[in-house]
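Written out below as structure tokens is the structure these notes cover.
The values are calculated or read from the model by the stated rules, or taken from the named source; none is laboratory data. Owing to the predicted nature of the structure, the values given are computational and were not obtained by experimental measurement. Virtual Cβ from ideal backbone geometry, glycine too; neighbours counted across all protein chains shown. Areas reflect the complete protein model, heavy atoms only, side chains present, ligands, DNA and RNA absent. Shrake-Rupley method; radii C 1.70, N 1.55, O 1.52, S 1.80 Å.
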Amino acid sequence: PYWFRTFRYIRLDICTREEPLVIDRMDYAMTGYPLEAVTKVHTSDESHEAIWDISLRTLRRCMHETYEDCPFYEQLQYAMDTRSQILYTYMVSGDDRLARQCIDDFHRSQRYDGLINCSYPSYGPNVIPGFSIYYILMIYDHMMYFGDMELVRRYMPTVEGILDFFRRNRDERGLVGKIGGLNGRDRYWSFIDWTTQWDATTGVPAATLEGPVTMESLLYIYGLMHASEMMAAIGRQSDAALYMKEADEVKAAVNAHCMGECGLYQDGPGIEAYSQHCQVFAVLTEMVTGDEARRMMLEVLDPQKDYARCSVAMAFYMFRAVEKAGLYDYTQQLWDPWRQMVENHMTTCVEDSVNGRSDCHAWGALALYELPAVILGVRPGKPGFETIRISPVRGYLTQAEGDVVTPKGMVHVCWHWDGTSMNVEAKGPENVKLEILSKA
């Protein structure tokens, strides 16, 4: 076929009869998007080098004329997967060409009800409501990295349509009602993550069997918060305020109906089932802050407790929550799934550890963001990197150094921990303000 094919092994069956056989060489053609990775990072954790290697290879293999979840099975551009892949692309190459196309692709998939197709281009409807929220985050990320306000204005009506769907589907309690359920059985698939506890319910919290799932309310809040920032950035201050008012109302409903007696957010209102996911997004949406956020995260990070755990797919959000809660040293253990991939001689990142279907899934290329953006701390301080914020997060590490690409040019960061303080040195492009902070 003309379409590219993937393989792990090639077996040749050759019958030579009386003639001798000499194989001089064997070649294969590799095809993919021309990703030019220029960011380089070294840390005091030696395992990061191999993890970076398999992560970069995974991202490359999942980029062709669109982003893809995987190069073998579906080869589909999914919004949740792609939001992460785009961030990884920004951090290693500073290239937004495929991202801009992706944003427009999903815009063109918007349905009559306001949601987008969860994967697009595709030949039929395929809806995961929460994935529409990841599309909002995708546009927000582009605004922060490239500062293209015309792009934000162009796609803001799509964002408004998505958020209006969730608003219309709030129930009498103020929560996002039951808008989906199991894959293949309900109208929409409320997929959250592949985790052992939710395998029988197709990646959806089992609470879906009795009503709505809390995660869809939390995702709605998260989308409102980011959309509010974008509205403010393009001068629509009153709309920004309305979105934050809506977010506060949904937060109040979640607090009233989804908080369990154990002090954790339930997977569904009144359902005594708990996951890392709800606590992670409670922290990210600032439902809880400070000591309470720290307590909640410590509880669900306990390996002895049987909570549904964030897989490779949700690792980006778990890492953001432990960072926000001041628990980044816990990432020493959170990197273990990638260390296991390396020990298993994987050359790309797996989809998840539940079904073991795909051995190349780019939502797992987390290191491409984590090392330059968080450990070295190079992130946009203002939209378009008009200010470059350098705020390294040490965690369990003692040293890190590298060069990170930004739309304004390369940034060099070097820091080391002397046992009591972090010493940070940074150099960036001329005429761009560096804002240097450290989170020891």
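Across region 133-165, the qualifying residues are those that are under 10 Å from ARG83 (Cβ atoms) and of a type outside the set (A, V, I, L, M), and the one among them that is most open to solvent (accessible area, probe 1.4 Å) is TYR140.
For region 194-215, the criterion of being small (Gly, Ala, Ser), touching a Lys or Arg at 6+ places or on another chain (Cβ under 6 Å), surrounded by fewer than 19 Cβ atoms within 10 Å (Cβ to Cβ) and assigned to a loop (DSSP other than H, G, I, E, B) is met by at least one residue.
Being under 23 Å from VAL213 (Cα atoms), open to solvent by 10 Å² or more (accessible area, probe 1.4 Å) and modelled with pLDDT of 95 or more is not true of GLU343.
Scan region 178-193 for residues that are surrounded by fewer than 16 Cβ atoms within 10 Å (Cβ to Cβ) and either touching a Pro at 6+ places or on another chain (Cβ under 7 Å) or more than 13 Å from PRO129 (Cα to Cα) (or both) and the total you get is 2.
Taken over region 250-263, residues that are surrounded by 15 or more Cβ atoms within 10 Å (Cβ to Cβ) and either outside any loop (DSSP other than H, G, I, E, B) or touching a Pro at 6+ places or on another chain (Cβ under 7 Å) (or both) amount to 7.
Checking each residue in region 39-51 for being among the charged types (D, E, K, R) and open to solvent by 100 Å² or more (accessible area, probe 1.4 Å) picks out LYS40, GLU46, GLU49.
In the set (1) open to solvent by 10 Å² or more (accessible area, probe 1.4 Å); (2) of a type outside the set (S, T, N, Q); (3) in contact (Cβ under 8 Å) with a residue 24 or more places away in the chain; (4) under 21 Å from ILE221 (Cβ atoms), the condition left unmet by GLU172 is number (3). Within region 368-383, none of the residues are open to solvent by 10 Å² or more (accessible area, probe 1.4 Å) and among the acidic types (Asp, Glu). The residue of region 39-55 that is nearest to the chain's Cα centre (by Cα), among those that are farther than 22 Å from TYR9 by Cβ and in a helix (DSSP H, G or I), is SER55. Test ALA321 against the stated conditions and say whether it is at pLDDT 95 or above, within 30 Å of GLU68 (Cβ to Cβ) and crowded, with 23+ Cβ neighbours inside 10 Å. It is true that ALA321 is at pLDDT 95 or above, within 30 Å of GLU68 (Cβ to Cβ) and crowded, with 23+ Cβ neighbours inside 10 Å. Contact map, region 1-21: residues that are open to solvent by 100 Å² or more (accessible area, probe 1.4 Å) paired with residues that are assigned to a loop (DSSP other than H, G, I, E, B) and among the acidic types (Asp, Glu), Cβ distance under 9 Å, separation 6+ or inter-chain. Pairs shown: ARG8/ASP359. The set of residues in region 225-248 being open to solvent by less than 30 Å² (accessible area, probe 1.4 Å) and in a helix (DSSP H, G or I) consists of HIS226, ALA227, SER228, MET230, MET231, ALA240, GLU246, ALA247. Can you name the condition, by its number, that GLU272 falls short on among (1) within 23 Å of the chain's Cα centre (by Cα); (2) part of a strand (DSSP E or B)? Against the list (1) within 23 Å of the chain's Cα centre (by Cα); (2) part of a strand (DSSP E or B), GLU272 comes up short only on (1). Using the structure shown, decide if GLU36 is at pLDDT 95 or above, assigned to a helix (DSSP H, G or I), open to solvent by 20 Å² or more (accessible area, probe 1.4 Å) and more than 26 Å from ASP193 (Cα to Cα). Here the answer is no, as GLU36 does not meet what is asked.
Within region 196-237, can you find the residues that are at positive phi and within 20 Å of the chain's Cα centre (by Cα)? Within region 196-237, THR202, GLY203 qualify.
The single condition from (1) in contact (Cβ under 8 Å) with a residue 12 or more places away in the chain; (2) open to solvent by 50 Å² or more (accessible area, probe 1.4 Å); (3) closer than 26 Å to GLU210 by Cβ that LYS305 fails is (1).
Within region 264-301, being open to solvent by 30 Å² or more (accessible area, probe 1.4 Å) and either modelled with pLDDT under 95 or of a type in the set (A, V, I, L, M, F, W, C) (or both) holds for ILE271, ALA273, LEU298. Within region 312-349, the residues that satisfy the criterion of being in contact with a Ser or Thr (Cβ under 7 Å, 6 or more places away or on another chain) and under 27 Å from LEU218 (Cβ atoms) are PHE316, PHE319, VAL322, TRP335, PRO337, CYS349.
Give the residue, chosen from ASP113, ASP105, ASP95, ASP81, that is in contact (Cβ under 8 Å) with a residue 60 or more places away in the chain and under 28 Å from GLY181 (Cα atoms). ASP81 is the lone residue from the list that is in contact (Cβ under 8 Å) with a residue 60 or more places away in the chain and under 28 Å from GLY181 (Cα atoms). Among the candidates GLY147, GLY124, GLY161, the residue that is closer than 25 Å to LEU35 by Cα and more than 18 Å from the chain's Cα centre (by Cα) is uniquely GLY147. Among the residues of region 62-78, those identified as within 30 Å of ASP403 (Cα to Cα), in contact (Cβ under 8 Å) with a residue 60 or more places away in the chain and open to solvent by 10 Å² or more (accessible area, probe 1.4 Å) are HIS64, PRO71.
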